[in-house]
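The values are calculated or read from the model by the stated rules, or taken from the named source; none is laboratory data. Everything quoted here is computed from the prediction, not taken from an experiment. With ideal geometry, Cβ positions are generated from the backbone for all residues, glycine too; neighbour counts draw on all protein chains shown.
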């Protein structure tokens, strides 16, 4: 087991959703996480210039960028970091498009638990490694 924590950047404007995700990650027994939270895409992109993250959890309903555009902007600037989309909308078409465009996963808020989130993060990182784009 790797003892180094997984560095997660959560780009999410809803403080309640942030707290839920924080609790989910804190409860993980076998994997440790270091969570950085920012409420806007612009802030997240600035943070990504100065720090290295293992994964990005990205909300699609941000104040400064909406929908898949926020994902596309993030992916274009940081193609080597796996991105999991978080959304409050259970829109299957958006989820499929996100995966087609390169998202590692698409999770609907309120429809996943901590174990599923941890597994999605671990699998996303491993898939990105297999793609040969993951940078340590």
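Residues in region 74-91 that are in a helix (DSSP H, G or I) and surrounded by 15 or more Cβ atoms within 10 Å (Cβ to Cβ): 74, 75.
For the list (1) in a helix (DSSP H, G or I); (2) more than 23 Å from residue 29 (Cα to Cα); (3) modelled with pLDDT of 95 or more, I need the number of the one condition that residue 58 fails. Going through (1) in a helix (DSSP H, G or I); (2) more than 23 Å from residue 29 (Cα to Cα); (3) modelled with pLDDT of 95 or more one by one, residue 58 breaks only (1).
Which of the residues belonging to region 21-35 are loosely packed, with under 15 Cβ neighbours inside 10 Å and over 14 Å from residue 7 (Cα atoms)? Of everything in region 21-35, those that are loosely packed, with under 15 Cβ neighbours inside 10 Å and over 14 Å from residue 7 (Cα atoms) turn out to be 23, 27, 29, 30. Residue-level check: of (1) without any contact (Cβ under 8 Å) to a residue 40 or more places away in the chain; (2) within 12 Å of the chain's Cα centre (by Cα); (3) within 20 Å of residue 23 (Cα to Cα), residue 117 misses just (1). For region 54-70, a residue qualifies if it is crowded, with 19+ Cβ neighbours inside 10 Å and either more than 15 Å from residue 88 (Cβ to Cβ) or more than 13 Å from the chain's Cα centre (by Cα) (or both), and the qualifying residues are 54, 55, 56, 62, 65. Consider region 102-136 and keep the residues that are part of a loop (DSSP other than H, G, I, E, B) and modelled with pLDDT of 90 or more. The one that is nearest to residue 89 (Cα to Cα) is 109.
Filter region 8-19 down to residues that are surrounded by 15 or more Cβ atoms within 10 Å (Cβ to Cβ) and outside any strand (DSSP E or B), then give me how many there are.
Applying the first criterion (surrounded by 15 or more Cβ atoms within 10 Å (Cβ to Cβ)) to region 8-19 yields 8-14, 17-18.
When the remaining residues are screened for being outside any strand (DSSP E or B), the result is 12-14, 17-18.
Here the count works out to 5.
May I ask you to list the residues in region 96-114 that are surrounded by fewer than 13 Cβ atoms within 10 Å (Cβ to Cβ) and touching a residue at least 60 places away in the same chain (Cβ under 8 Å)? Once the filter is applied, which keeps residues that are surrounded by fewer than 13 Cβ atoms within 10 Å (Cβ to Cβ) and touching a residue at least 60 places away in the same chain (Cβ under 8 Å), region 96-114 yields only 113.
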